[in-house]
Each structure stands twice: as C-alpha cells, then as structure tokens.
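Here the structure comes first, spelled out in structure tokens, and everything after it is commentary.
The values are calculated or read from the model by the stated rules, or taken from the named source; none is laboratory data. In this text, all values refer to a predicted model and were calculated from it rather than measured experimentally. Cβ placement follows ideal geometry from the backbone for every residue including glycine, while neighbour counts extend to all protein chains displayed. SASA here: full protein model, heavy atoms, side chains in, ligands and nucleic acids out. Shrake-Rupley method; radii C 1.70, N 1.55, O 1.52, S 1.80 Å.
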Amino acid sequence: RDNDLRIVWANGNERQTNRCGDEYNTTAPPACAKNHISVGAMNSDDEAIAWFTSWGPTDDGRVKPDISAPGDQAGGDGGITSTSSFGGYTVKFGTSMATPVVTGISALILEEWRNLNPGEPDLHNAALKALLANSGVDLGNPGPDCRYGFGTVRADAAIDAIRNRSLIEDSVMEGEHDTFHFEVMEGEDELRVTLAWDDAPGNPILLNALVNDLDLLVKDPTGAQVDPWTIDPANPAAPATRSGPDRLNNMEQVTVRMPMAGIWTVEIAGTSVPEGPQAYGLAT
C-alpha cells in the first residue's frame with residue numbers, strides 16, 4: 001500500500017479437502033487479505049468453477065475471491081500449460097495456475113497503459129483490481145459471489161476499457177464526495193461500475209478488517225439511486241442483493257441490466273476515512 005505494489009495472489013485450493021471444509025468459508029490465510037488481487041480458478045473450456053478452488057467469504061464477511069481466471073480444464077489435458085521449474089513446459093492445475101494468468105494479463109495492461117499515457121504513473125493496485133473485475137464476465141450468481149468473485153478476467157475487454165478512458169484514479173477525505181457524470185447510449189445491455197481501494201491496515205484483534213469506508217453511489221438520469229451488490233455472509237450461497245450500503249468490502253460493484261439512456265451520476269463518498277486521504281480506482 002505504501003510502496004505502490006501490485007500483488008496478485010492465489011485464493012487457495014482448500015475446497016474438497018479435509019482441512020477447511022468442502023464449500024464456503026474455505027479461503028485460507030493469507031488469501032483473505034483485503035488489498036491484494038485474490039484469484040480463484042475456473043475451467044478454461046467450459047467456464048465451470050474448478051472443483052478445488054477455495055470459496056469465501058472471509059471470517060468478517062468479505063467476498064473472496066476478488067476475481068477468477070482459468071486454472072483448470074474439464075477436457076483436453078486437464079490443466080494449464082506453463083513453464084516448468086525443470087525446464088520446458090508442463091501441465092498443472094490450481095489457483096496457482098490461475099494467478100499467473102492474471103499476472104501476465106496485468107503486465108500487458110500496464111504495458112498498454114504506458115503506451116497510452118507516456119510519462120504518467122502506472123496504474124495503482126486498486127485501479128488494476130477494479131479494472132480486472134469490471135471488465136470481466138459475471139458468472140455464477142448475478143453480481144459478486146464467493147465462488148467466482150466480482151468477475152472472470154477478460155484481457156481484451158480490460159484493454160478496451162483503458163483505451164476508452166473508462167478508468168479513474170482519485171482520492172477522498174472523510175465527508176468528501178467526488179462526483180462523475182457519463183452518458184449511457186440507447187440500447188446498451190448492461191451498465192457496470194466497480195470501485196476499489198487499498199485500505200489502511202486493520203487492527204488484528206478486531207473481526208472487521210475494514211478501516212476506511214468509501215461508498216459507491218450510482219444514480220440514473222431520473223436521480224434514482226442503485227445500491228451496490230452485497231452478500232449475506234451467513235448465507236453465502238444466496239444471490240447478492242442491492243439493499244443498502246456495503247460496510248465490509250473495500251471493493252464495491254453496481255450493475256444495471258438494460259440501463260436507461262442518458263446522463264448517469266457516480267459519486268464516491270468518504271463515509272468514514274480515519275486514515276485519509278484514501279486513494280481509489282473507479283472503472284465503468
């Protein structure tokens with residue numbers, strides 16, 4: 001957080017073992033950390049969730065993994081082909097295969113960012129995280145869930161997003177509101193907005209890991225507000241709902257099917273920022 005590092009981390013392969021249970025709440029430390037980009041695994045060919053990949057939520061109810069990527073294959077050779085530590089190539093499966101997929105895509109994103117913005121700073125970790133989630137495909141339950149996360153990575157869509165200037169980096173203090181406006185054209189099938197921030201370190205004695213609480217406020221052209229997706233940590237298999245602010249996660253997402261054409265408003269609210277200013281990344 002203080003040294004502008006981008007960290008991509010495997011969400012773990014603890015499901016279907018006797019160590020952490022066999023379904024939800026199987027994300028093991030340190031994959032539960034709030035600021036890195038935690039990656040779950042899916043099949044590269046049929047996009048089904050991989051049989052081994054760990055599912056969230058964390059003990060304090062945050063969504064994990066953050067995103068998902070190919071780490072297995074239902075058919076073919078049954079895995080992901082990559083370089084071997086013994087030389088040449090080998091086939092393996094795991095979230096440790098999905099994670100380097102995301103790392104490589106992230107490197108290509110940063111390369112294109114530098115091409116488009118010569119002399120400017122690289123994307124920060126939170127902006128990269130928001131971009132990967134927002135440009136991905138929503139599989140599983142609508143909205144974020146604790147199997148696939150906030151989105152399944154799509155490299156081409158992420159590159160298109162930065163070419164279209166669909167990514168913002170800024171910061172807020174407590175009580176501040178940053179306001180942005182953008183136009184939704186007629187006939188768009190989905191609007192998606194994702195906010196992420198690298199939060200300050202929490203107190204390890206406290207269950208709730210969140211320190212700085214930002215809110216993503218999205219309003220349609222009539223002024224009606226659309227709440228971000230939230231999950232019920234006590235029932236993580238249930239679909240996410242839009243029933244108020246998110247007080248647990250440091251990534252929030254709003255999606256609207258068949259959005260109304262016109263000027264939409266996005267506000268980033270510094271609801272509680274005891275350690276500010278808080279930088280953030282916003283992807284649309």
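Here the stretch 257-284 is the region considered, the condition is being open to solvent by 10 Å² or more (accessible area, probe 1.4 Å) and under 17 Å from residue 130 (Cα atoms), and the residue that is farthest from the chain's Cα centre (by Cα) is 267. For residue 232, the conditions (1) in contact with a Lys or Arg (Cβ under 6 Å, 6 or more places away or on another chain); (2) among the acidic types (Asp, Glu); (3) open to solvent by 30 Å² or more (accessible area, probe 1.4 Å) are fulfilled apart from (1). Selection of the stretch 122-172 for residues being farther than 30 Å from residue 52 by Cα and either crowded, with 24+ Cβ neighbours inside 10 Å or basic (Lys, Arg) (or both) yields 163, 165. With respect to the conditions (1) closer than 19 Å to residue 9 by Cα; (2) at pLDDT 95 or above; (3) surrounded by 16 or more Cβ atoms within 10 Å (Cβ to Cβ), residue 107 lacks only one, and its number is (3). Contact annotation: residue pairs with Cβ atoms under 7 Å, 6 or more positions apart or on different chains, pairing a residue in the stretch 121-135 that is closer than 11 Å to residue 67 by Cβ and among the polar types (S, T, N, Q) with a partner that is part of a helix (DSSP H, G or I) and open to solvent by less than 10 Å² (accessible area, probe 1.4 Å), are 135/158. When the stretch 173-209 is filtered for residues that are among the aliphatic types (A, V, I, L, M) and either open to solvent by 40 Å² or more (accessible area, probe 1.4 Å) or more than 27 Å from residue 152 (Cβ to Cβ) (or both), the ones remaining, listed by number, are 173, 185, 200, 205, 206, 207.
When each of 54, 82, 68, 106 is tested for being within 18 Å of residue 155 (Cβ to Cβ), touching a residue at least 24 places away in the same chain (Cβ under 8 Å) and not in a helix (DSSP H, G or I), the lone residue that passes is 68.
Condition check ((1) among the charged types (D, E, K, R); (2) touching a Cys at 6+ places or on another chain (Cβ under 9 Å); (3) on the phi > 0 side of the Ramachandran plot) across all residues:
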{"position": "160", "(1), (2), (3)": "yes, no, no"}
{"position": "167", "(1), (2), (3)": "no, no, no"}
{"position": "175", "(1), (2), (3)": "no, no, yes"}
{"position": "190", "(1), (2), (3)": "yes, no, no"}
{"position": "203", "(1), (2), (3)": "no, no, no"}
{"position": "206", "(1), (2), (3)": "no, no, no"}
